Amino acid sequence: MFTRTRRAVPLAVTLATTLAVTGLTGTAAQADGPEQIVNGTFDNGHAPWWGTGNITLDSSTGQLCADIPGGTVNPWDVIIGHDNVPLVAGETYQFRFFGRATPAKVGKALVQLPVDPYTQYLAVNPELSVSGNDYTYTFTSPVDLPNAQVAFQLGGSATPWTFCADNVSLQGGAEPEEYVPDTGPRVRVNQVGYLPKGPKRATVVTDAADALPWQLRNAAGTVVATGRTTPRGLDASSGQRVHTIDFTGYRSEGAGYTLVADGETSRPFDIGSAFYEQLRLDALKFYYTQRSGIEILDRLRPGYGRPAGHVGVAPNQGDTAVPCQPGVCDYTLNVAGGWYDAGDHGKYVVNGGISVYQLMSEYERSALARTGRPWKLGDGTLALPESGNRVPDILDEARWEQEFLLSMQVPAGKPRAGMAHHKIHDDSWTGLPLLPHLDAKKRELHPPSTAATLNLAATAAQAARVFAPYDRAFAARNLAAAKAAWAAAKANPTVYADPADGNGGGAYSDGDVSDEFYWAAAELYITTGGTEFRDFVLASPHHTANIWRDRGFDWGSTAQLGRLDLATLPNRLPDRERVRASVAQGADTYLATLRAHPYGIPYAPADNTYDWGSNNLILNNAVVMATAFDITGNAKYREGVLETMDYIFGRNALNHSYVTGYGEVASHNQHSRWYARQLDPALPNPPRGTLAGGPNSSIQDPLAQQKLRNCAPQFCYIDDIESWSTNELTINWNSPLAWVAAFVADQGAGDARSRF
Ligand code: 9MR
């Protein structure tokens, strides 16, 4: 029995469920049963908790706090809630939380039906003090309900106050339904293929203590090679016991091979190299359909045509005359163009910087490395609107972004002239799906930052040299912008983007820009040979430090970009040989990690947690190994790169390829507002050659939190469009994929020595 109460009716709690109120307990009561609350400790953000529109949730202190406005009438005028809590009829639950109020207040906490008639299964009115208390209540659920709501109703006060909660827990009931990914056969291979003369390794998940026999079969089922596995013990990144199969000695090209071991047959794979030629193109073609400010032509990308986004055609407000956030500047800028960052419609200078850098770096490597084949990325290779203009297509694509970065520079005569605005995006988050041209939100420029300014300085210096043979005026424009940005960054060295400025777009904040300074100085030095830049490089701690961190480089850790370029591009640095040797030392570290790793991954962060976008960090570690190969010619580094691709293409705990269209089971539901086929069958999936971010131990999104609780690092991934923290696509993740794909394609059968 329980009282049905409409939310609109003031409540005299006559809960006939077993309600034992033991509020203000000093000691926690013994709790049994599974935890039903996701993220009740607020140690890492507060998703999936939500608040009504009149409050802002803040979990930056490790507690969930909100300033509650005065002048509301009803308790439900201000709510902090958590949805989708399963209740089982007849089960007893213990509800606990820490709460405090400034000034002291009586609050209201409910476990209830989330819709009219808002039936309450638990309703309590804790007396909240300024110092705070722990509260414990028990009740027995009268219903089976998959989606009860836990709510703190905080409205009804004439005056404003502050509420904070922590350690919110609802224990009892049935174990939440367990999500078990379908990981297929226990023999894990690179589902795309192995180079004929490259390393060929696979992994068997097995508890067998001793070596097992394996067979390699061709498409007809004939056994073409046999051997025995090597037991590798327990792998911390997956929690699995694994063995390794090494069939490097088998070199015959073909399709449809399988490996058989421990009674299991792997997914099929090729031995060949054509797939890397294809990936070299696909990974770059990705950028055209990420473009803002231009119609995407269906004839160039069948199935992906769409109107231009953010050019000012209703309902878009357009990026052609974008104002700043209130109070930030008194001008508007035309910042149309560029690439959308990811699955959102934001455009961020910091992240655009490393992305366009990697495309230009791929171009520079192709021209300079002994195995480079620049014509493979030449004019007409990528089916772009600019194809046929006698400029390499990879540079046409890079220019689309570089023009945007230039447009984000603060104009002369304005405060902080020469700096770059950190980002431009909607003033609040939009839902999915939403094609770019249908986004009606207000677009805003966010304040300039030193990090964005240095990203502009670095990429504009690089653009000045790569575009010089094709467009002198554009090269000169870039050099001038780079110098102005450098001077502005020197004059404003600690202007950091606000980490809390994340409504409607990512924050991309970074509290240490010494690495961006080093990268920008390196690019300016390589392009100009100027002593100011040389001296800055030589004096920077990043020039000699061991910068090859286990997590790899990324948008917030960019010293490595400067070091790699100083090592590979012509320059007169006095210690250039040491710089070149340091790249090989970094590569040795990643190679050692890979060799020690039971799954053969060059990534094993010390705390055994995978980062947001781990695939991109793994590929960037491969970039370091590839560069070491280019510098030394030592084949061990190339083998490290190839084995890294095995992981990306399915030799992993999920038996899953992270590149759309590559491998029998591959990511295709990446989080995106316009490749949202999972939500609207009229829309496409992401294009072939799109990388998913990959396993992320922190699983910040609610879907992952529900499905992947307590995941071992490699299992913290789900190919679902709602999982924005494990399954997004981004311009800075496809850029190392493109870079590495071109490097591998340049290796031919796996033994290339030079392009000739
Ligand atoms: O890639 C970014 C990752 O390194 C950060 O940890 C994360 C949280 O700040 O943000 C990621 O970037 C997202 C950005 O903020 C908004 N666009 C989508 C990006 C990829 O998820």
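Scan Cys716, Cys711 and give me the residue that is more than 12 Å from the ligand (Cβ to nearest atom) and open to solvent by less than 10 Å² (accessible area, probe 1.4 Å).
Unique residue meeting the criteria: Cys716.
Considering only the stretch 510-547, state which residues are more than 16 Å from the ligand (Cβ to nearest atom), open to solvent by 40 Å² or more (accessible area, probe 1.4 Å) and not β-branched (Val, Ile, Thr).
Ser514, Gly529, Glu532, Arg534, Asp535, Phe536, Leu538, Ala539, Pro541, Ala545, Asn546
Considering only the stretch 725-749, state which residues are in a loop (DSSP other than H, G, I, E, B) and buried (at least 22 other Cβ atoms within 10 Å of the Cβ).
Within the stretch 725-749, Ser725, Thr726, Asn727, Leu729, Thr730, Asp746, Gln747 meet the criteria.
Give the residues of the stretch 75-91 that are assigned to a loop (DSSP other than H, G, I, E, B) and either out of contact with any strand residue (DSSP E or B) (no Cβ under 8 Å at 6 or more places or on another chain) or under 18 Å from Pro103 (Cα atoms) (or both), sorted by residue number.
Val78, Val88, Ala89
Output the number of residues of the stretch 72-83 satisfying the condition of being more than 13 Å from Leu154 (Cβ to Cβ) and either surrounded by fewer than 17 Cβ atoms within 10 Å (Cβ to Cβ) or touching a helix residue (DSSP H, G or I) at 6+ places or on another chain (Cβ under 7 Å) (or both).
Final tally of qualifying residues: 1.
Taking only the stretch 702-724 into account, find how many residues are more than 19 Å from Leu434 (Cα to Cα) and either modelled with pLDDT under 95 or in a loop (DSSP other than H, G, I, E, B) (or both). Before the answer, list the steps.
Restricting attention to the stretch 702-724, the residues satisfying the condition of being more than 19 Å from Leu434 (Cα to Cα) are 702-719.
Narrowing further to those that are either modelled with pLDDT under 95 or in a loop (DSSP other than H, G, I, E, B) (or both): 702-712, 716-719.
Count: 15.
For the subset of the stretch 293-310 comprising residues that are open to solvent by 50 Å² or more (accessible area, probe 1.4 Å) and free of Cβ contacts under 8 Å to residues at least 60 places away in the same chain, which member is farthest from the ligand (Cβ to nearest atom)?
Taking the candidates together, the pick is Arg299.
Limited to the stretch 83-107, what total is found for residues that are of a type outside the set (A, V, I, L, M) and closer than 15 Å to Ala66 by Cα? Walk me through it before giving the result.
Step one: list which residues in the stretch 83-107 are of a type outside the set (A, V, I, L, M), which gives 83-84, 86, 90-100, 102-103, 105, 107.
Keeping just the survivors that are closer than 15 Å to Ala66 by Cα gives 98-100, 102-103, 105, 107.
The number of residues fulfilling the criteria is 7.
Determine if the stretch 686-697 includes at least one residue that is on the phi > 0 side of the Ramachandran plot and within 16 Å of the ligand (Cβ to nearest atom).
For the stretch 686-697, residues on the phi > 0 side of the Ramachandran plot and within 16 Å of the ligand (Cβ to nearest atom): present.
Which condition number does Tyr194 fail, the rest of (1) closer than 30 Å to Ala626 by Cα; (2) open to solvent by 70 Å² or more (accessible area, probe 1.4 Å) being met?
For Tyr194, the failing item is (2).
Among the residues of the stretch 548-557, are any of a type outside the set (Lys, Arg), buried (at least 20 other Cβ atoms within 10 Å of the Cβ) and assigned to a helix (DSSP H, G or I)?
no
When you go through (1) over 22 Å from Asp298 (Cα atoms); (2) open to solvent by 30 Å² or more (accessible area, probe 1.4 Å); (3) away from the ligand (no atom under 16 Å from the Cβ) one by one for Asn652, which number turns out not to apply?
If we test Asn652 against (1) over 22 Å from Asp298 (Cα atoms); (2) open to solvent by 30 Å² or more (accessible area, probe 1.4 Å); (3) away from the ligand (no atom under 16 Å from the Cβ), just (2) comes out false.
(1) within 30 Å of Asn710 (Cα to Cα); (2) surrounded by 14 or more Cβ atoms within 10 Å (Cβ to Cβ): which one isn't true of Ala225, the others all being true?
Going through (1) within 30 Å of Asn710 (Cα to Cα); (2) surrounded by 14 or more Cβ atoms within 10 Å (Cβ to Cβ) one by one, Ala225 breaks only (1).
Based on this model, can you work out whether Gly318 counts as more than 16 Å from the ligand (Cβ to nearest atom), surrounded by 15 or more Cβ atoms within 10 Å (Cβ to Cβ), within 27 Å of the chain's Cα centre (by Cα) and of a type outside the set (A, V, I, L, M, F, W, C)?
Judged against the criteria, Gly318 is a match.
Looking at the stretch 706-737, which of its residues are touching a residue at least 60 places away in the same chain (Cβ under 8 Å) and over 16 Å from the mean Cα position of the chain (by Cα)?
Gln706, Lys707, Leu708, Arg709, Ala712
Test each condition in (1) within 16 Å of the ligand (Cβ to nearest atom); (2) in contact with a helix residue (DSSP H, G or I) (Cβ under 8 Å, 6 or more places away or on another chain); (3) open to solvent by 10 Å² or more (accessible area, probe 1.4 Å) for Tyr470 and report the one that comes out false.
(1)
Which residues, counting only those in the stretch 572-593, are touching a Pro at 6+ places or on another chain (Cβ under 6 Å) and open to solvent by less than 10 Å² (accessible area, probe 1.4 Å)?
Selection gives Tyr590 alone.
Which one of these is closer than 24 Å to Arg370 by Cα and free of Cβ contacts under 8 Å to residues at least 60 places away in the same chain: Ala592, Ala628? Lay out the reasoning, then the answer.
Details: Ala592 fails: closer than 24 Å to Arg370 by Cα.
Exactly one residue qualifies, and that residue is Ala628.
Would you be able to tell me the number of residues in the stretch 616-636 that are more than 16 Å from the ligand (Cβ to nearest atom) and either touching a Ser or Thr at 6+ places or on another chain (Cβ under 8 Å) or under 17 Å from Glu364 (Cα atoms) (or both)?
Residues that pass the stated criteria total 10.
Inside the stretch 334-388, can you point out the residues that are of a type in the set (Gly, Ala, Ser) and either free of Cβ contacts under 8 Å to residues at least 40 places away in the same chain or within 16 Å of the ligand (Cβ to nearest atom) (or both)?
Of everything in the stretch 334-388, those that are of a type in the set (Gly, Ala, Ser) and either free of Cβ contacts under 8 Å to residues at least 40 places away in the same chain or within 16 Å of the ligand (Cβ to nearest atom) (or both) turn out to be Gly338, Ala342, Gly343, Gly346, Gly352, Gly353, Ser355, Ala367, Gly378, Gly380, Ser387, Gly388.
Among the numbered conditions (1) open to solvent by 40 Å² or more (accessible area, probe 1.4 Å); (2) among the basic types (Lys, Arg); (3) under 30 Å from Tyr363 (Cβ atoms), tell me where Arg251 comes up short.
(3)
Out of (1) open to solvent by 10 Å² or more (accessible area, probe 1.4 Å); (2) assigned to a helix (DSSP H, G or I), what's the single condition that is false for Lys414?
(2)
Let me confirm something: among Ala451, Ala507, which residue is under 22 Å from the mean Cα position of the chain (by Cα), of a type outside the set (Val, Ile, Thr), in a helix (DSSP H, G or I) and within 16 Å of the ligand (Cβ to nearest atom)?
On the way: Ala507 fails: in a helix (DSSP H, G or I).
So the residue among Ala451, Ala507 that is under 22 Å from the mean Cα position of the chain (by Cα), of a type outside the set (Val, Ile, Thr), in a helix (DSSP H, G or I) and within 16 Å of the ligand (Cβ to nearest atom) is Ala451.
The values are calculated or read from the model by the stated rules, or taken from the named source; none is laboratory data. Here the structure is a predicted model, which means the values were calculated and not measured. Reconstructed Cβ throughout: ideal geometry from the backbone, glycine too, with neighbour counts over all protein chains shown. With ligands, DNA and RNA removed, areas are computed over all heavy atoms of the protein, side chains included. Shrake-Rupley method; radii C 1.70, N 1.55, O 1.52, S 1.80 Å.
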